[in-house]
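As structure tokens, the structure follows; a few thoughts come after it.
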Amino acid sequence: MRQNLKQARKAAGLTQQQIADKLGISLRYYQQLEAGDRTGDFTIWDTIEDITGVHQRILREINLDKASNR
């Protein structure tokens, strides 16, 4: 799971649907990005970086440690 992406989205005060709309993608596609199941292209990550103000290298990190997701 991309915990940093989820946290940045929430800090921006956006739902998954709202950020998907801003990106021009489906809710399901965004959910797959946040879950770490899809990679997405660079334009999506550039836009997410612009929306959240968080560098995409941080947003793209996938947290494999289940214990730290609590």
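The values are calculated or read from the model by the stated rules, or taken from the named source; none is laboratory data. Small disclaimer: the values here were computed from a predicted structure and weren't measured. Counting neighbours? That spans all protein chains shown, and the Cβs are built from the backbone with ideal geometry, glycine included. The accessibility values were calculated without ligands, DNA or RNA, using every heavy atom of the protein model including side chains. Shrake-Rupley method; radii C 1.70, N 1.55, O 1.52, S 1.80 Å.
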Is there any pair linking a residue in segment 55-68 that is farther than 12 Å from Phe42 by Cα and open to solvent by 90 Å² or more (accessible area, probe 1.4 Å) to one that is at pLDDT 80 or above and not aromatic (Phe, Trp, Tyr), with Cβ under 9 Å and at least six apart or on different chains, and which? Glu61/Arg2; Glu61/Gln3; Glu61/Asn4; Glu61/Leu5; Leu64/Met1; Leu64/Gly36; Lys66/Met1
What about Ile62, is it modelled with pLDDT under 95 and within 12 Å of the chain's Cα centre (by Cα)? yes
Out of segment 41-54, which residues are outside any helix (DSSP H, G or I) and within 16 Å of Gln3 (Cβ to Cβ)? Val54
Filter segment 4-37 down to the residues that are part of a loop (DSSP other than H, G, I, E, B) and either surrounded by 15 or more Cβ atoms within 10 Å (Cβ to Cβ) or polar (S, T, N, Q) (or both) and list them by number. Ala12, Leu14, Thr15, Ile25, Ser26, Gly36
